[in-house]
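Just so it is clear, none of the values below were taken in a lab; they were calculated from the coordinates. Just so we're clear, the structure is a prediction, and the values are computed from it rather than from any experiment. As a convention, Cβ positions derive from the backbone with ideal geometry for all residues, glycine included, and neighbour counts pool all protein chains shown.
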Amino acid sequence: MSPDALVEDITRLLEVWVAGWSGCRGYETRKEGRFPAALRADRTGDWEYFAYDPTEAEFAELAAKTAEAPTRILTILTNDVQKYKFLAEHSGLNVTSASQAMMIVDMETQDAEDPWLSDDELRLETSESKGVQYASVMAGEQTAASGRVYVVNGTAVFDKIIVQPAFQRRGLGSFIMKALAAKAFEHDVEDGLLLASLDGQKLYSHLGWTTVSHVLMMSAVPGQEADLSVA
């Protein structure tokens with residue numbers, strides 16, 4: 001794939017991911033110039049802006065919009081991390097996260113069958129609401145692991161894959177992903193897409209996912225949201 005085609009493809013993937021992530025969480029979306037934005041009503045109550053490899057002029061405009069309020073976030077997808085760290089510093093923004101990544105998978109490589117739990121003390125619960133498919137592994141009344149998926153134009157966008165600390169290292173992350181994939185296959189899906197934390201990247205790589213871009217999060221103040229995959 002040529003560099004120009006790759007840029008065009010990741011730009012499209014970002015728009016699909018924002019649509020799916022916002023669908024999972026019920027966020028309002030809009031365009032800020034040519035870039036997508038989401039209103040994080042349940043977290044900051046303000047806008048988060050997204051862009052893949054913006055020009056320096058475009059970055060400056062997005063940084064200025066972000067700096068208008070301490071609750072705003074700018075998220076940049078790029079494989080030139082140092083460039084945008086430099087631009088952030090010179091725009092007065094703080095990089096609050098640089099460890100996440102966008103990952104993709106060919107859904108044909110994923111298991112379409114409902115998985116089964118080998119532990120009789122655990123049970124799978126699934127539900128659907130407004131197009132969002134939910135899956136949870138329950139231990140009695142306690143949620144051991146959970147996640148959700150939303151399909152956008154043939155792409156399954158996975159979100160909030162969480163395994164509680166007391167239940168980690170038991171394969172429940174993989175189990176939730178397989179349970180959600182089975183639900184996604186109720187639609188005509190070709191690709192899977194998600195944003196992964198550093199720990200999540202190890203799990204998803206094991207399941208056949210590939211990293212397509214690094215993710216930088218920035219805000220006017222330090223300590224803003226630092227993990228889009230779960231927060």
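Per-structure values
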read-out	value
Inter-part distance where segment 83-150 and segment 180-227 are each reduced to a Cα centre, Å	7
Cα lying deepest toward the dipole's positive end in segment 1-106, options P54, W21, T44, charges on Cβ	T44
Inter-label distance for E141 and D9, nm, one decimal - labels placed 7 Å from Cα along Cα-to-Cβ	5.0
Length-normalised contact order for the chain - Cα pairs under 8 Å, 6+ apart - percent	26
Eligible aspartates and glutamates near K183 by straight Cα distance, threshold 13 Å, same-chain separation 8 or greater	D111, E113, D114, E125, E128
Those aspartates and glutamates that a straight Cα-Cα span of less than 18 Å connects to K130, excepting residues fewer than 8 apart in one chain	E28, D42, D159, E186, D188
Segment E58-E89, extension gain: residue separation times 0.36 nm, minus the distance between their alpha carbons	9.6 nm
